[in-house]
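A short worksheet on the structure shown next.
The values are calculated or read from the model by the stated rules, or taken from the named source; none is laboratory data. All of these numbers come straight from a predicted model, not from anything done at the bench. When we count neighbours, we look across all protein chains shown, and the Cβ atoms used for this are built from the backbone with ideal geometry, even at glycine.
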Amino acid sequence: MAASDPSPSVDRPRRVFSRIYARISQRMEAEGMAELRHELLDGLAGEVVEIGCGNGMNFAHYPTTVTGVVAVEPEPYLRALASRAAETAPVRVLAGTADRLPLPDRSVDAAVLCLVMCSLDDRPAMLAELIRVLRPGGQLRFFEHTIADTPGLRMTQRIIDATVWPLLAGGCHTATDPAALITSAGFEITRIRGVRFPDSRLTMPTTPHVLGAATTPGWTGTES
């Protein structure tokens, strides 16, 4: 447990969205997000970096085989909430941005992306940073918005991405393709599945997600 002093050079305040997200994240847990977090993190071990940890909702789901987590969050309000959540977990919460991680080369065994790629300005730079800080054969776990399978919903995603949705949702863009980006960065995807979240009868532009795992070059083992 710990938190760094806020660094103005890396702070990215989203004063309205951060407070709304902190409230709705509790509702998301009841809608099935808690189970998805458990699946996302299950089997991880060693040192982990989590990118854009928000208010720290993942922290309680890390398995005991994880010896330490460096959680990076640039939004000051959410970072403060994450620091409180870290008081009961082996987590250090740091100010930082995804494209300039405050970590040495080859210093972590795994990286976690959870509902963060959609809001990043430079996703390839973030993934390059993960390649830098991960040890050879390190794991990447991800749960992210993804582009829809159907043409109509894809068009709707692109329309809302180009208009109001990023303004309302902290920069989120729904029509991203995390799997393609992760592969292009040099990771090898070892498992992936599509997820409807929330799994309600009504399909929204934000409903399609992917949950999966990947490795950096040098992986010689097998996942449990």
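At a glance:
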read-out	value
Yes/no for Ala180 being within 19 Å of the chain's Cα centre (by Cα) and surrounded by fewer than 16 Cβ atoms within 10 Å (Cβ to Cβ)	yes
Scope region 114-127; condition outside any helix (DSSP H, G or I) and under 17 Å from Thr215 (Cα atoms); matching residues	Cys114
Filtered residue count, region 204-224, keeping only those that are modelled with pLDDT under 95 and either in contact with a helix residue (DSSP H, G or I) (Cβ under 7 Å, 6 or more places away or on another chain) or on the phi > 0 side of the Ramachandran plot (or both)	2
Residue count for region 103-125, restricted to those that are more than 12 Å from the chain's Cα centre (by Cα), of a type in the set (S, T, N, Q) and under 20 Å from Leu168 (Cβ atoms)	0
Count of residues meeting criterion [out of contact with any Gly (no Cβ under 7 Å at 6 or more places or on another chain) and under 26 Å from Glu35 (Cα atoms)] in region 135-152	11
Scope region 68-81; condition among the small types (Gly, Ala, Ser) and under 14 Å from the mean Cα position of the chain (by Cα); matching residues	Ala71
